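Engineer: Quick one: structure below, then a few questions.
Derivation of every value follows stated rules applied to the coordinates shown; laboratory data play no part. None of the values given here were measured: they were computed from a predicted structure. In this analysis, Cβ positions are derived from the backbone assuming ideal geometry, glycine residues included, and neighbour counts consider all displayed protein chains.
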Amino acid sequence: MTNALRERLVPLGTSLPVIQIMKRVVEEGALNQLDLARKIEIEPSALCRIVVELESKGLVTRERDPGDKRRVLVTATPAGEALLGRTQPHMLAGLEPITSRLTRSERTQLCSLLEKLVAGG
């Protein structure tokens, strides 16, 4: 699945870690970098490099957490939200050959199970 997604994202000039970051900050709002690294299971130093690049491209902003000046919050910009919107159809298309082997019922069940795993319950 990861390879299928990578193949769709490279021509768009982005990567799976970038989309994972953007998806989290768009859906959850401002996140501190350490929590974000944990959520997408990436080393904090690697996340920091990617976030600096995203900031230079105008896709995210970084600012000190007013409640804890030691933490840096990452927030999506409108351009970052637009990038996520543009890439989602390509990602779904990349997964189609894999998921097409499942019946509609199996796809629904798979989605439910994955959502349960992600929710931790």
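Engineer: Evaluate E = 1/(1 + (r/R0)^6) for L114 and L34, where r is the Cβ-Cβ distance and R0 equals 30 Å; express this FRET efficiency to the nearest 0.05. Display every interim value, and only then the final one.
Structural biologist: Working: r = 25 Å, r/R0 = 0.82.
My answer for the efficiency is 0.75.
Engineer: When Rg/Rh (Cα atoms, Kirkwood Rh) is calculated directly from the model, which label among [x] 0.92; [y] 1.01; [z] 0.96 fits?
Structural biologist: Given [x] 0.92; [y] 1.01; [z] 0.96, the calculated one carries the label [y].
Engineer: Ok, one more. Give, rounded to the nearest 20 debye, the magnitude of the charge dipole that the chain has about its Cα centre when Lys and Arg contribute +1 at Cβ and Asp and Glu contribute -1 at Cβ. Intermediate values should be presented prior to the final figure.
Structural biologist: Details: 18 positive and 15 negative charges, 16 e Å.
Computed about the Cα centre, the dipole is about 80 debye.
Engineer: Using θ = phi - 60° and the Karplus form 6.51 cos²θ - 1.76 cosθ + 1.60, what ³J(HN,Hα) does each residue of segment 28-44 get, whole Hz, x for Gly and Pro?
Structural biologist: Listing the rounded values in order: 9, x, 4, 10, 6, 4, 5, 4, 4, 4, 5, 5, 9, 6, 9, 4, x Hz.
Engineer: Given H placed on each backbone N at 1.01 Å, which residues far from T77 in sequence or on other chains put an amide H within less than 5 Å of it?
Structural biologist: Placed amide hydrogens put V60, T61 under 5 Å from T77.
Engineer: Under 10 Å, Cα contacts only: if you run a Gaussian network model on the chain, which one of T99, T61, T75 comes out with the highest mean-square fluctuation?
Structural biologist: For the chain, modelled as a Gaussian network with Cα springs under 10 Å, the answer is T99.
Engineer: Name the long-range amide H neighbours of R71: under 5 Å, sequence gap of 5 or more, or other chain; modelled H, no Pro or chain starts.
Structural biologist: Result for R71 returns D65.
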